[in-house]
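What follows is a short report on a single structure.
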């Protein structure tokens, strides 16, 4: 990594909820200064290129270039657990359903497995819900240090009145959400109206206040990887703390090629501004092996620093279950079954 | 490291592939191998060690072949060849199919053995080399199946001696063996002495799946064994992949022997990055270009040519990427760069890099203890004049320079003795597709690099060799016209009579035709042309080496002809035919006077010459390229390009038709020619240039010299600016042409003293088309979304 970059001073703030009691293996982390955004630099945006077939080749060969085995694999999978935004975004969510999910978030892996692995307690990265479920989740996670993330701004389509979308952010923040997963107006990307996209995101960011803004690009609806690259840059210029692939509701959600494009945009932004922006692939990541591939891609393109919850999350609901089974296999040498692990 | 520590470091950790089955195979042979001749292993003899370059450990003892071993292998191949060639295409297809299946069924064993022996990362041997090997045999099973239907009038070349390098031991075996077997040839193959094991395993397993004995024979040993194969009189064709230096020696050694030859040699392939490229993808492409197989790849994109405005940013990105490369145990599945094949190669690389004038960057990644390892290296700030910009390093070393304009990029890219491959990175399809045809290379990748497939031709121009491997064009390296040509008797100019009669009328002395102008010969000498009846027909100029130089310069300057449309070339050739037909009587009279042929026969020759011009005018816009069926979302274009400047010694016996038969296909395909007229009967050529002059043919496209074939042959064949030399002369110059051609490894097409019936179908056809064109494969992957 080029060391002469204008790296920002770390704030020294510990991980959400503190590093001490209860956080266990969640190591103390230094947060970098938040990305304040920059002016919209259209020259930069328009110079971004993404060659689809070259990107697909890189993404296709990466899983064969990088692999982790045995204890390394278990450690990586455990790391993946700490990076999950455990998510429920269904019309039939109820307080009971959300409380169950939060309990799983606090204790995602069976204690006996953690003990056998020589690890203390771990938690997931966050719990992600709709606005109406935020108070329940905040209450259920009290004292755990696990932040609640709310999807917002007319999720998933983002086509409700702009005024209401901005207001929705404020409501969720007021209800205790510390992360807001906003959706962008895809039409601004599809019509090349980067200024409108930037202005919209600027307002969302202002509405977030202290809460972190995760900008969902809905990459499956942007038409091309080039658009993904450009939208990524605009979102970061507008002050996104994270850029995120998808709502999970599009026909195509997170993929390795899309991730490669977004990670490269993040690197480009870091190299030019010195600010680290986080990345959240969401939707369709359900296997432990997938998680390892994403982490390897992350490590290759952005380096070790990004492999922590303040800079990377998996948006996933069923991934955890597969990782639990793999961890038990690592401990016992026997393939596991879903019903052996507590449901969330 | 315990799990908690790994959780913190997030290192990858070791992930070694099991080498047990490969070692078991070595052990089963007692760690000693003989040659594989006539379907079985010979007793191991005088041994040399085959080592694992990652550790220095001896893997096996191999046998250095003796003359007797080579003799036995060639005899076995010869004994098997007739029956193998007579077998139906379908029968050969079944064998090739069995070989493809055999490779797939033993894929991991081959991959691990290859990695142990060669030092390449297991990911590459497993995911690239071995799958391509299987693909090659599948593809050529199809070629064998289609042989009768698609290769009519052709027959197998015969017994092939194949000498392959150590960088892709099994893959190069496949590239050589599959088309040879499909065509009906039998093989004596010598793997490189560093890396013979996978070839021996292949031969053993091939016999087990029923390949008839003697069809494939393997002899092991160093370059001396290669020399024995090259020199063996009962071998019909040599196919070599390796260094330009050795290729040149082979060209010299086989000169005049009548052996067919294809050479796939070195390169210094340009990797051009335009400022509108996806720079991150172009950086990643370089990983596949120059750090693939430790850079020990003949077509490695080893010469980075990047547009000035983005150069600094690109180099920064590249240096960062280099820091993420993992170097180490080749059997580790998580390794990007393995071991250099041998300490000798390692020292060579170290020596070359140490002498560099540029700024050398190597990332601080750790090297394993022992073994032959070299860090990925970037050398910036070099100019074309730096030796490292010109010479092949054959290691993980990238050299870099910058350019300002697309034209300058092309100029820099082509500023090389080599011409194997090239990569172009640009998001602008206009730019990429404009640049691709301008590059002197046999293979061009657009926004990609090092893509290979059996369906796409691979091979070079200039000193990167000649011949193609893969595709339809690759099959022709193992086929020849099925005809028995009679010996061509030397035809000398008619000697001066005892008592010549004095000439009457105005003296009319033709000149040389160079650059569209009639020029007196540099030497100032002329000679007389006598009719068989003792009449002085005319004087003709005698060209010397300076005239050759001038003619080649004129031909080189007429490069615009290559870019003229096929339609325009056709029109001009038709026009030549029209003007020639108009003067049939005059041309026929001249032929009759010079040769003593009957008037009817002479008129027939003129008529056939007109017809032949029509044939090649017809072909000018019809020698279509192709789009090859490669397994990729994209197109692999097989573009027929002119060879360049072709020097040709025209047939003596058919003064007009012979010259036209040689000239027309060459210029129809966009080449420029330096023709040396029939030595015995040169006046038809002099008559013809008047026709050319009145037919809108641009100056320099056709240049005509008269003089002694034997005297001019070494100069034309030795000229480093000539791209190919043909000879249909009745003088014995085939050997000297092939020998002199070694200088710049130009293509040759010579008659070896065999006659050709210029009046008949032998005087035209696809053989001429193939000789007049180079197939350039342009890979254009595409996709958006």
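Only the coordinates and a few stated rules stand behind these numbers; no lab work does. Being a predicted model, the structure only gives us computed values, none of them experimental. Cβ atoms come from the backbone with ideal geometry, glycine included; neighbour counts cover every protein chain shown.
Once the Cβ-Cβ distance of residue B:732 and residue B:213 is raised to the sixth power relative to R0 = 25 Å, the FRET efficiency obtained is 0.05. Apply the a/c threshold of 1.5 to the C-alpha gyration tensor of segment B:67-157 and tell me whether it is rounded, prolate or oblate. Judged from the Cα gyration tensor, segment B:67-157 comes out oblate (a/c at least 1.5, b/c at or above a/b). Within segment B:296-324, whose backbone N sits under 17 Å from a point 7 Å along Cα→Cβ of residue A:271? Label zone hits: B:305-324. In segment A:141-262, the alpha-carbon atoms span a convex hull of 101 Å³ per residue. Calculated on the alpha-carbon coordinates, the convex hull of segment B:640-689 measures out at 61 cubic angstrom per residue. Calculated on the alpha-carbon coordinates, the convex hull of segment A:185-341 measures out at 125 cubic angstrom per residue. Taking every Cα-Cα distance in chain B and sorting them into 10 Å bins starting at zero, the pair-distance distribution P(r) comes out as 3, 13, 22, 23, 18, 12, 6, 2, 1, 0, 0 percent. Note on residue B:32 and residue B:584: the extension gain reaches 191.4 nm, defined as 0.36 nm multiplied by sequence separation minus the Cα-Cα distance.
Treat segment B:325-432 as a sphere of radius equal to its Kirkwood radius over Cα pairs and apply Stokes-Einstein at 10 °C in a medium of 1.306 mPa s; give the translational diffusion coefficient in µm²/s, rounded to a whole number.
Reported coefficient: 100 µm²/s.
Model label sites at residue B:518 and residue A:90, defined 7 Å from Cα along the beta-carbon direction, differ in position by 9.6 nm.
Taking every DSSP bridge with both residues inside segment B:270-459, close to 15 percent are antiparallel.
Let a ≥ b ≥ c be the square roots of the eigenvalues of the Cα gyration tensor of segment A:281-326; is it rounded (a/c under 1.5), or, if not, prolate (a/b larger than b/c) or oblate?
prolate
Taking the longest Cα principal axis of chain B as reference, the axis of helix B:67-86 is set at about 70 degrees. Each 5 Å bin from 0 upward holds the following percent of the Cα-Cα pairs of segment B:270-459: 1, 8, 17, 22, 21, 16, 9, 4, 1, 0. GNM on chain A, alpha-carbon springs under 10 angstrom: the most fluctuating residue among A:41, A:290, A:92 is A:92. Largest GNM mean-square fluctuation among A:175, A:60, A:150, using chain A with Cα springs under 10 Å: A:60. Here segment B:1-123 has an Rg and Dmax of 20.6, 68 Å, counting Cα atoms alone. Dimensions of segment B:449-499 based on its C-alpha atoms, expressed as ranges along the principal axes with the largest first, amount to 71, 28, 10 Å. Judged by the ratio a/c of the largest to the smallest principal axis of the C-alpha gyration tensor, segment A:212-300 counts as oblate, that ratio being 1.5 or greater while a/b is no larger than b/c. Take every Cα-Cα distance within segment B:21-83, group them into 10 Å bins from 0 onward, and report for each bin the whole-number percent of pairs it holds. Here the calculated profile for segment B:21-83 is 20, 42, 26, 11, 1. Springs join every pair of Cα atoms under 10 Å in this Gaussian network model of chain A, and among A:69, A:287, A:104 the largest mean-square fluctuation is at A:69. Considering helices alone, the calculated mean residue ellipticity of chain B at 222 nm is -12000 deg cm²/dmol, with DSSP H runs of length four and up weighted by -39500 (n - 2.57) and normalised per residue.
Using 0.36 nm per residue and subtracting the Cα-Cα separation, the extra length available between residue B:690 and residue B:484 on full extension is 70.5 nm. Alpha-carbon geometry of chain A: the Rg and the Dmax are 19.0, 56 Å, given in that order.
Helix B:599-620 and the long axis of chain B differ in direction by around 40°, with both axes built from C-alpha atoms.
Kirkwood radius for the protein assembly as shown, taken over all pairs of different Cα atoms as the inverse mean of 1/r, rounds to 32.9 Å.
Helix A:288-302 and the long axis of chain A differ in direction by around 50°, with both axes built from C-alpha atoms. The Rg/Rh ratio for segment A:181-253, using Cα coordinates for both the radius of gyration and the Kirkwood hydrodynamic radius, is 0.94. Counting only DSSP beta bridges with both residues in the protein assembly as shown, the antiparallel share comes to about 35 percent.
The label-point distance for residue A:60 and residue A:142, in a model that sets each label 7 Å from Cα toward Cβ, rounds to 5.4 nm.
For a Förster distance of 60 Å, can you work out the FRET efficiency between the beta-carbons of residue B:427 and residue B:601, rounded to the nearest 0.05? Walk me through the numbers on the way to the answer.
Numbers: r = 62 Å, r/R0 = 1.04.
Result of the calculation: an efficiency of 0.45.
Projecting label points 7 angstrom from Cα along Cα→Cβ for residue B:360 and residue B:434 puts them 3.9 nm apart.
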